[in-house]
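Input: a single structure, listed below in structure tokens.
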There are 2 protein chains.
Amino acid sequence: MVNIRVGIIGYGNLGRGVEIALQAQADMELVAIFSRRGPAGVSPVDAEVKVEYLDAISAYQGRIDVMILCGGSATDLPEQTPAFAKYFNVVDSFDNHSQIPAHYSKVDEVAQAAGTTAVISGGWDPGLFSLQRVLAEAVLPKGATYTFWGKGISQGHSDAVRRVEGVKDAIQYTIPIEEAMDRVRSGSQPELATAEKHLREVYVVAEAGADQAKIEETIVNMPGYFADYHTTVHFIDEATLQAEHQAMPHGGFVIRSGETGAGHQHVYEFSLALDSNPEFTASALVAIARANVRMHAMGLTGAKTILDIAPAWLSHKDPADLRREDL
Amino acid sequence: MVNIRVGIIGYGNLGRGVEIALQAQADMELVAIFSRRGPAGVSPVDAEVKVEYLDAISAYQGRIDVMILCGGSATDLPEQTPAFAKYFNVVDSFDNHSQIPAHYSKVDEVAQAAGTTAVISGGWDPGLFSLQRVLAEAVLPKGATYTFWGKGISQGHSDAVRRVEGVKDAIQYTIPIEEAMDRVRSGSQPELATAEKHLREVYVVAEAGADQAKIEETIVNMPGYFADYHTTVHFIDEATLQAEHQAMPHGGFVIRSGETGAGHQHVYEFSLALDSNPEFTASALVAIARANVRMHAMGLTGAKTILDIAPAWLSHKDPADLRREDL
């Protein structure tokens with residue numbers, strides 16, 4: 001039974017992932033995709049899906065229960081989430097951790113005034129990982145929590161490599177260090193800098209005639225990005241980059257080791273291993289969109305995060321079925 | 001700042017674990033332990049803690065915000081949870097999965113009428129594992145979820161071995177099969193019976209002169225308990241049982257493998273490795289007790305489960321701090 005009407009704002013990898021994720025949810029339907037590029041600039045997975053210019057969005061008030069914002073955190077979401085929360089319930093995946101409190105305040109003010117529900121920072125980190133960090137610390141207050149990322153692509157680091165002289169194209173993988181994870185699991189609660197938890201692996205397509213030794217040296221010594229890390233640089237040709245490095249895997253680990261009583265150790269561990277980062281992020285946003293509509297119906301308005309969402313609200317199942325089948 | 005006043009009903013391993021867990025929570029205080037055995041029959045970890053006969057509990061109405069029920073699921077909780085929900089907010093760890101819907105209904109009726117908040121089936125399974133199963137399926141609706149238990153002691157199986165002729169004492173460990181977990185992680189979504197997911201390891205102290213070969217044969221062929229499993233039996237002496245098998249470790253895994261789009265595989269995995277099953281279960285109940293009091297203040301009365309609790313309600317931290325530090 002379809003009862004939640006959804007709109008997508010922005011149609012890159014994430015917007016496409018949301019369209020795909022909605023196809024798997026029987027109680028939700030995609031009403032329209034909104035894009036600055038308009039119908040001619042967007043090719044949905046399902047050619048039947050309606051595409052509108054972003055300017056046409058106001059005509060959809062009352063016809064869409066929740067908008068999923070699929071723009072970027074750098075410039076799109078800081079503007080769009082408050083702007084659209086004025087008229088719609090919204091969900092975003094704002095992931096600039098240090099800016100979350102400011103983004104929350106700005107969105108909360110608009111959503112409170114408008115009586116809409118606005119869930120920010122869905123996805124998996126922030127998102128599912130945040131939820132695990134909070135749960136783990138609530139249950140085990142004496143302990144330490146560690147987050148490891150990867151194996152996955154870091155766009156920021158890939159971009160930094162592409163700016164090196166002589167580099168034609170490049171991709172960078174962040175890889176968690178197994179030995180550091182094992183130290184955490186042992187309960188020793190080590191002090192670990194980010195560089196002690198992760199390796200960096202770079203695949204470079206060099207310009208013809210470029211000095212590869214110099215490129216490698218520039219990369220591994222780049223301050224802020226690579227200098228503190230153990231970094232491996234591989235030179236490959238363009239065909240290999242296209243053939244083997246176009247997937248968007250990611251994932252990571254949240255591990256808390258904590259103690260109760262007289263030295264009893266407990267390890268709480270959560271991990272994700274994802275073939276497609278945007279499709280999984282989109283799947284989380286879609287479940288959150290369902291919870292958003294339910295929270296709005298309960299009168300819970302203003303800015304919210306995954307930390308404000310009871311698990312049952314995310315599920316398509318009836319609460320009695322959840323208790324019987326999943327509890 | 002202490003603001004949540006807690007009572008413990010029942011003082012076995014779990015009640016003792018709750019007392020210990022409360023010591024680690026700065027915003028909660030233990031007002032009294034209630035036991036059928038009374039003050040003479042109970043030795044709290046902290047000798048200063050007040051112990052009362054269970055009969056004296058009615059004098060504490062209005063002086064305790066939430067009662068944590070630490071009795072067993074077989075006979076105590078089916079009676080006690082509805083009985084005490086009439087007068088107090090309560091939390092229990094009712095873990096008889098097939099009886100949860102009936103227990104929920106009975107408790108809900110009383111708590112709705114009394115205007116109290118009653119969270120049933122806290123702990124880790126049911127409890128944290130249930131929450132993970134619901135989250136994983138909400139985000140990845142196309143997929144399969146698997147629960148593995150162990151390494152940990154099964155009381156039911158240990159008791160069954162102790163009833164075998166010639167057995168003086170025994171303990172049974174349930175152990176998840178690594179190879180089955182790896183098949184699940186591969187995304188192949190295998191059909192696995194419980195016996196294909198777990199091994200059983202038994203440590204037996206035999207009576208003097210007993211026929212060990214016969215004991216082993218009786219155990220490994222015991223229908224319902226061992227016949228379907230790969231079971232290993234070790235004979236040890238009483239001193240070794242006392243020295244090496246008095247700890248109460250447990251844990252397990254919830255793994256969902258799911259698919260999005262055109263064959264992108266994702267693995268969602270949660271695990272616990274616990275030195276002390278009762279102390280960790282108690283730690284979960286204490287965090288849930290905090291959420292219970294907050295839900296009661298919000299007017300959320302009746303029977304609830306961990307599926308109805310937003311993560312932020314479990315935490316001692318301020319919501320703004322959670323967003324800044326954990327989101």
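The values are calculated or read from the model by the stated rules, or taken from the named source; none is laboratory data. Computed from a predicted structure; not experimentally measured. Cβ atoms come from the backbone with ideal geometry, glycine included; neighbour counts cover every protein chain shown.
The residues of segment B:257-289 that are over 18 Å from the mean Cα position of the chain (by Cα) and either among the aromatic types (Phe, Trp, Tyr) or buried (at least 23 other Cβ atoms within 10 Å of the Cβ) (or both), listed by number, are B:SER257, B:GLY258, B:THR260, B:HIS266, B:TYR268.
All of (1) modelled with pLDDT of 95 or more; (2) touching an Asp or Glu at 6+ places or on another chain (Cβ under 7 Å) hold for B:VAL267 with one exception: (2).
Residues checked against (1) β-branched (Val, Ile, Thr); (2) over 19 Å from the mean Cα position of the chain (by Cα); (3) closer than 30 Å to B:GLY261 by Cα; (4) in the same structural domain as B:LEU54 (by the TED database):
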position: B:ALA83; (1), (2), (3), (4): no, yes, no, yes
position: B:ASN96; (1), (2), (3), (4): no, no, no, yes
position: B:PRO101; (1), (2), (3), (4): no, no, no, yes
position: B:GLN112; (1), (2), (3), (4): no, yes, no, yes
position: B:ALA144; (1), (2), (3), (4): no, yes, yes, no
position: B:HIS157; (1), (2), (3), (4): no, no, no, no
position: B:ALA170; (1), (2), (3), (4): no, yes, no, no
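The single condition among (1) more than 8 Å from every other protein chain (Cβ to nearest Cβ); (2) outside any helix (DSSP H, G or I) that B:LEU285 does not satisfy is (2).
Checking each residue in segment B:29-64 for being farther than 16 Å from B:PHE88 by Cβ and among the hydrophobic types (A, V, I, L, M, F, W, C) picks out B:ALA40, B:VAL42, B:VAL45, B:ALA47, B:VAL49, B:VAL51. Among the residues of segment B:296-312, the ones that are more than 7 Å from every other protein chain (Cβ to nearest Cβ), surrounded by 23 or more Cβ atoms within 10 Å (Cβ to Cβ) and not β-branched (Val, Ile, Thr) come to 2 in all.
When you scan segment B:226-236, do you find a residue that is at pLDDT 95 or above, in a helix (DSSP H, G or I), over 30 Å from B:ALA85 (Cβ atoms) and away from every other protein chain (no Cβ under 14 Å), even just one? The answer is no, given that none of the residues of segment B:226-236 is at pLDDT 95 or above, in a helix (DSSP H, G or I), over 30 Å from B:ALA85 (Cβ atoms) and away from every other protein chain (no Cβ under 14 Å).
Go through segment A:256-282 residue by residue and tally those that are more than 9 Å from chain B (Cβ to nearest Cβ), not in a helix (DSSP H, G or I) and not charged (D, E, K, R).
1
When B:SER93 is tested against (1) of a type in the set (Gly, Ala, Ser); (2) crowded, with 21+ Cβ neighbours inside 10 Å; (3) out of contact with any Gly (no Cβ under 7 Å at 6 or more places or on another chain), just one condition goes unmet, and that condition is (3).
Hey, any hits in segment B:240-247 for a residue that's among the hydroxyl-bearing types (Ser, Thr, Tyr) and surrounded by 19 or more Cβ atoms within 10 Å (Cβ to Cβ)? Within segment B:240-247, none of the residues are among the hydroxyl-bearing types (Ser, Thr, Tyr) and surrounded by 19 or more Cβ atoms within 10 Å (Cβ to Cβ).
Can you tell me which residue is farthest from the chain's Cα centre (by Cα) among those in segment A:207-228 that are under 28 Å from A:PHE270 (Cα atoms) and surrounded by 19 or more Cβ atoms within 10 Å (Cβ to Cβ)? So, considering only residues that are under 28 Å from A:PHE270 (Cα atoms) and surrounded by 19 or more Cβ atoms within 10 Å (Cβ to Cβ), the one farthest from the chain's Cα centre (by Cα) is A:PHE226.
Listed here are the residues, each with its yes/no results for (1) touching a strand residue (DSSP E or B) at 6+ places or on another chain (Cβ under 7 Å); (2) buried (at least 23 other Cβ atoms within 10 Å of the Cβ).
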{"position": "B:GLY115", "(1), (2)": "no, no"}
{"position": "B:SER121", "(1), (2)": "yes, yes"}
{"position": "B:SER130", "(1), (2)": "no, yes"}
{"position": "B:LEU135", "(1), (2)": "no, yes"}
{"position": "B:ALA144", "(1), (2)": "yes, no"}
{"position": "B:TRP149", "(1), (2)": "yes, no"}
{"position": "B:GLN155", "(1), (2)": "no, no"}
{"position": "B:SER158", "(1), (2)": "yes, no"}
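Could you check, for segment A:237-255, whether at least one of its residues is over 19 Å from the mean Cα position of the chain (by Cα) and within 14 Å of chain B (Cβ to nearest Cβ)? No - not one qualifying residue is present in segment A:237-255.
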